[in-house]
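One structure is given here, and the rest of the page talks about it.
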Amino acid sequence: MTRGRDDSPIVVLEHVSRRYDDLAAVWDVGLSVSAGEVLCLLGPSGCGKTTTLRMVAGVERPDSGRIFIEGVEVDSEDCFVPPERRNIGLMFQDHALFPHMSVVENVAFGLRGMNASERREKALRGLERVDMRAAADFYPDRLSGGEQQRVALARALAPGPGVMLMDEPFSGLDKRLRDSIRDDTLTLLKSIGACSLLVTHDPEEAMRMGDKIALMRRGRLLQLGSPEDMYYRPVDAEVAFFFSDFNEIRGVVKQGLIATPFGSIGPRERFNESQEVCVLVRQEAFGLAGGEGRICVRARVWRARLLGSDSLIEFRLGEGEELFRARLPGITLPAQGDWLDLYFDPAKVLVFA
Ligand code: ATP
């Protein structure tokens, strides 16, 4: 089933909470996901991502709050629609293909209301979408982890679910395979217009896959927004640190400016005179001097390491002073004790009360 993308919410959670004894595993969570949209539930281990997903699936019930799928109330104090009637597809880290069934039988398994040859035809078309048609008659143990994950995706999508629920589906794959399967999965989800919820603890994966990110901690939703919101407009320092590495500086507002070791900065936000603030300076805020009209500092190198496409320079501004980190593009590997002239871009700074 192909759906056009519109803004009507397909999955809606209102004030959803779930306790296990004394633990509020999920607390007062509200969110909505539209057709064609991918929402990533992101956060550290134990923050309530899986419990939230399981409540949408209907395999776990909230203690309070309401859940709607495609405009129908599926869980609240007054009603409960069981998982098999929620029109959802599920995909987990352990792809859990049936070992005694061939690939095509696995994909055909959840198809209802058609005869055997129609089911096989539909399953084969599903396998074609994930580039696995050639393996239709193999058994799962002949497939690599990535191939099994593609088949699991085809199986989840075969009945044409309106909602795809995925729990860390790529975490068992090695990095290169993970990147390509992530991209293929996203393209496929977008092409069929499914509304998707994806659980991940990896901020990069959430930025890459998500139209929206719901960042959770200890059962609570810290921020819900686009990847750009989370990166450029985090609601507090905790959210900021989840997505980026920063140098943290304490400062005081004087005449609208904050003095930092890299010069005075004028925050975009309004702060009171003499208010204490936390200044977060992105590691990417620094560059090798040469940029016009920017603040420059002399940095004494403590350590330099190559991180791949960037170099990480740890430096101090003077003997015994605080250690800062700069991430410079390309290969810059000065020796310990060298002096570097760095420019500093005050736009790459966040300030919080
Ligand atoms: P992870 O990334 O490690 O899977 P998560 O963010 O998905 O973590 P949940 O699995 O939702 O977290 O668990 C949230 C909290 O609820 C955890 O502290 C967990 O131990 C607890 N919890 C989850 N399921 C149960 C259960 N059936 N009984 C008791 N406690 C549970």
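The values are calculated or read from the model by the stated rules, or taken from the named source; none is laboratory data. All figures in this text were calculated on a predicted structure; none of them were measured in a lab. Here Cβ is always computed from backbone atoms with ideal geometry, including for glycine, and neighbour counts include all displayed protein chains. Accessible surface areas use protein heavy atoms only, side chains included; no ligands, DNA or RNA. Shrake-Rupley method; radii C 1.70, N 1.55, O 1.52, S 1.80 Å.
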Treat segment 201-353 as a sphere of radius equal to its Kirkwood radius over Cα pairs and apply Stokes-Einstein at 10 °C in a medium of 1.306 mPa s; give the translational diffusion coefficient in µm²/s, rounded to a whole number.
95 µm²/s
Under 28 Å Cα to Cα from residue 212, which lysines show up? Leave out anything in the same chain fewer than 8 places away.
49, 175, 190, 348
Charge context of residue 198, other residues only, Cβ under 9 angstrom, K/R +1, D/E -1
-3
Debye log10 I(q)/I(0) at q = 0.14, 0.21 Å⁻¹ for segment 179-243, Cα point scatterers
-0.43, -0.87
According to the Cα gyration tensor, what semi-axes, each the square root of 5 times an eigenvalue, does the equivalent ellipsoid of segment 87-189 have, listed from largest to smallest in whole Å?
21, 15, 12
Report the normalised scattering of the chain as log10 I(q)/I(0) at q = 0.07, 0.11 Å⁻¹, calculated by the Debye formula with identical scatterers on the alpha carbons.
-0.41, -0.85
At a threshold of 8 angstrom on Cα-Cα distance, excluding pairs fewer than six apart, so keeping six or more, what relative contact order does the chain reach in percent?
16 percent
Below 8 Å, C-alpha to C-alpha, sequence gap of six or more: please give me the relative contact order for segment 233-329 in percent.
23 percent
For segment 140-152, in residue order, the Karplus 3J(HN,Hα) values (coefficients 6.51, -1.76, 1.60; θ = phi - 60°; whole Hz; Gly and Pro = x) are x, 5, 8, 9, 6, x, x, 5, 4, 5, 5, 5, 4
If you roll a 1.4 Å probe over segment 179-250 with all protein chains in place, what percent of the accessible area is carbon or sulfur?
49 percent
Environment charge of residue 233, counting only residues whose C-beta is closer than 12 Å and scoring Lys/Arg +1, Asp/Glu -1:
-3
Top positive-direction residue, dipole computed over segment 245-332 with Cβ charges, set 278, 262, 252
262
Loop GluC sites (Glu not before Pro), segment 34-129 (other Cβ atoms within 10 Å of the site Cβ: 14 or fewer; DSSP):
77
Given charges at beta-carbon only (K, R positive; D, E negative), |dipole| of segment 255-348 in Debye
220 debye
